1. Report, by residue number, each residue of segment 407-425 that is in contact (Cβ under 8 Å) with a residue 40 or more places away in the chain and either of a type in the set (S, T, N, Q) or assigned to a helix (DSSP H, G or I) (or both).
2. State whether the residues of segment 102-113 include one that is under 16 Å from L22 (Cβ atoms), part of a helix (DSSP H, G or I) and among the β-branched types (V, I, T).
3. Tell me which of these E228 doesn't satisfy, since it passes every other one: (1) touching a residue at least 24 places away in the same chain (Cβ under 8 Å); (2) not in a strand (DSSP E or B).
4. Looking at segment 84-130, which of its residues are under 30 Å from L41 (Cβ atoms) and touching a His at 6+ places or on another chain (Cβ under 8 Å)?
5. Hey, can you tell me all the residues within segment 93-108 that are of a type in the set (A, V, I, L, M) and either at positive phi or out of contact with any helix residue (DSSP H, G or I) (no Cβ under 8 Å at 6 or more places or on another chain) (or both)?
6. Can you pull out every residue in segment 171-194 that is farther than 29 Å from F231 by Cα and either modelled with pLDDT of 85 or more or part of a strand (DSSP E or B) (or both)?
7. Determine whether I378 is assigned by TED's automatic domain parsing to the domain that holds V73 and either surrounded by fewer than 19 Cβ atoms within 10 Å (Cβ to Cβ) or over 23 Å from V436 (Cβ atoms) (or both).
8. Where the second residue is among the charged types (D, E, K, R) and at pLDDT 75 or above and the first is closer than 25 Å to L136 by Cβ and lies in segment 22-45, which pairs have Cβ atoms under 7 Å and are six or more apart or on separate chains?
Amino acid sequence: MRKGVLARFIIRAHLGPFLFSLSAITGLIFINAIAQRVDSLVGKGLPWSVIGEFLYLSVPHTIALSLPMSVLVSVLYAFSGMASSNEITAMAAGGVRPARIMAPVVGLGVIAMLVMLFFNDTVLPESNHALKNLLLDIGRKTPTLELREQVVNELRTGTGIQRYFLTADRIDHDNNHLENVTIFDANDPRRQRTTYASSGEMAFNATRTDLYLTLRDGVVHEVQTEREGGFQRLYFEEQIVPLRNIGNELERRLGGSDRSDREMSLALLAENARDREAQLDSIVSENRARSLEVVRVALNRPLESDSAWTQQGRRRDVTGYREQAPYISQDGLTQQVVAGSRARAARGAALEQSMNRFRVEIHKKWAIAVACLVFVLIGPPLALRFPTAGVGFVVAASAIIFFVYWVGLLGGETLADRRVADPAVTMWLANVIFLVGGLVLLRRMGHSSGTSRGGGGVAELIRSFFGPSQIADAEVTQP
């Protein structure tokens, strides 16, 4: 059989199942994604153009999940069908080596990998950014969608005279949950109030005009400017902060918003990671310099930039030499340096976490793209182990493999975000495991082939997985 004929035959065998599975899986994921956000659209009087834009922008992130799954399904289905109809056995009897059969499949896997990488690098970040901006515009009628993580969010109530500033390390818009919340209220110039809470939840009233923040495990700092030294600190287990008349009009903003890690291309992610690393290095250098100053103060050595060393604070002793400044005058400097070191340490931890998230996203984009190639390596030998299992096996095997792979990917992302392990290890671990399994099965495929004899249930499937088949044998076994 000529190589061109064989390649076209194998490509045609994969094309139909791939398109069908891509449409079906994308549709299922798309419906699930829309169902999760339907509450944010219903009852707001949005025009059909806005709803259509929302649906259109929701498609790319579903394709990012469905395309690798479709590659796996199409490979399993195509080789399972060829094995059950004795086409693989006929190729082996005709002297076609497994490498010739796998060559066009690997070529398709490389193409899918490159397409997935381009999609993750260009199409997906832009669509995610546009979708977030649209949701933020819709969120002006429901501010929970407008709040952003790790930035100062301005909230205006009533006619816009009263303003609150809110920050949170994490905001879960699906569950309206916040973590590490800070609210600054300076509406009353005589009483400036800052509220800190470890967690909180957001909820609206029935008319969706008033926002209620339920804060837990926090403290309120109130500075009273009307009297000197006026300060009050209140601890609470739970506190409800009502924000009246937040707003209920939809406005489309042209400027957009800042990009998160999932809205950046590979180049932008790498640039931001390098920028955070540079800032972290500067903080380390500054901490080292400040620590040296603390040591010099502890040794009662003079500092050129020591603000505590004033001309009035210097004096001469009985021998005519200048006395060192008393330790009590240096205590304020020491406390200032210690407080500054703690602030820089917190800033450094935030920068390191942000840098780590950017690197995790870089590895994630590459890992998902390479998974397309890994799946085309593990699919053919796995399908030939069960030539008579049918469509049920294709569906079950695809679901199990992708479930295990996705759990490994999400688990690796969680471990990397928490800095338990390096993202270069955690984000690629699932790929490496399946790649090794695929290479082992491919090696066994070179010494085996498929049979069309009917199976004997689960026991037969298990025996066929660990036992030999017939792809490289010249003999053709008939039932």
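1. Passing the criteria: L409, E413, A416, D417, P423, A424.
2. Scanning segment 102-113, I find at least one residue that is under 16 Å from L22 (Cβ atoms), part of a helix (DSSP H, G or I) and among the β-branched types (V, I, T), so the answer is yes.
3. Among (1) touching a residue at least 24 places away in the same chain (Cβ under 8 Å); (2) not in a strand (DSSP E or B), E228 violates only (1).
4. Step one: list which residues in segment 84-130 are under 30 Å from L41 (Cβ atoms), which gives 116, 119-130.
Selection gives L124, S127, N128.
5. A93, A99, listed by residue number.
6. Answer for segment 171-194, where residues must be farther than 29 Å from F231 by Cα and either modelled with pLDDT of 85 or more or part of a strand (DSSP E or B) (or both): I171, D172, N176, H177.
7. Details: assigned by TED's automatic domain parsing to the domain that holds V73: yes; either surrounded by fewer than 19 Cβ atoms within 10 Å (Cβ to Cβ) or over 23 Å from V436 (Cβ atoms) (or both): no.
When the stated conditions are applied, I378 does not pass them.
8. Listed pairs, sorted by first residue: Q36/D174.
The values are calculated or read from the model by the stated rules, or taken from the named source; none is laboratory data. Fair warning: this is a prediction, and the values are worked out from it, not measured in the lab. No Cβ is skipped: glycine too gets one built from the backbone with ideal geometry, and neighbour counts run over all protein chains shown.
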